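The values are calculated or read from the model by the stated rules, or taken from the named source; none is laboratory data. Remember, it's a predicted structure, so these values are computed and weren't measured experimentally. Every residue, glycine among them, receives a Cβ derived from its backbone with ideal geometry; neighbour counts consider all protein chains shown. When the accessible area is computed, the model is the full protein with side chains, heavy atoms only, and any ligands, DNA or RNA have been set aside. Shrake-Rupley method; radii C 1.70, N 1.55, O 1.52, S 1.80 Å.
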Amino acid sequence: MCRSILFVCLGNICRSPAAEGVFLNLLRSKNLLNDFQVDSAGTGHWHIGKPADRRMIKAAEKRGIYLPSVARQILIKDLDEFDLILTMDNDNFETVKSLEKSLGRIANAKIRPMLSYSKKTQCLDVPDPYYGGERGFDDVLDLLEDACKNLLNELISRN
Ligand code: 4NP
């Protein structure tokens, strides 16, 4: 049974904090907050200890979504402590897969692209909004709201 989910991107200040906040918001709306453990992490270390990017916070606030994350870097033990690790793009996916390889065995966590749960796009990469304009943050949220909704439906129907 999948009860713990880690969302992963590069910096852990834009996409994975947004995914975490969107998913928490969905859980709250369905009274399921106590049934899941949700967190986010980055493959990089540059922003450790920082809140989400203020542009991402602002875009999420407009949809009534709160982003609680404080950036941290993914740890090898996350691969066993979580049931599911959802990566935002192929670089993150390959990095987490190489961490699994360094474990020398199959990790507890299933590692999947976040957008494998999307019904709106065939693309598996959530575009990195960090160096772009405001619109990019809204686009990220559109993709994540769709993927998180399908993810939760799948988890609920499986249990
Ligand atoms: P994220 O976006 O991976 O969605 O958090 C980025 C944030 C910061 C950087 C790159 C991507 N950076 O190069 O500092």
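Below are the figures for this structure:
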item	result
Residue that is assigned to a helix (DSSP H, G or I), under 20 Å from residue 64 (Cβ atoms), hydrophobic (A, V, I, L, M, F, W, C) and open to solvent by less than 70 Å² (accessible area, probe 1.4 Å), where the choices are 115, 143	143
Any hit, the stretch 95-104, residues being open to solvent by 30 Å² or more (accessible area, probe 1.4 Å) and touching a Ser or Thr at 6+ places or on another chain (Cβ under 8 Å)	yes
The stretch 118-140, residues that are away from the ligand (no atom under 16 Å from the Cβ) and open to solvent by 50 Å² or more (accessible area, probe 1.4 Å)	119, 120, 122
Count - residues of the stretch 90-113 that are of a type in the set (Asp, Glu) and touching a helix residue (DSSP H, G or I) at 6+ places or on another chain (Cβ under 8 Å)	1
Subset of the stretch 32-62 (residues that are of a type in the set (Lys, Arg) and either more than 23 Å from residue 133 (Cα to Cα) or open to solvent by 80 Å² or more (accessible area, probe 1.4 Å) (or both))	50, 54, 58, 62
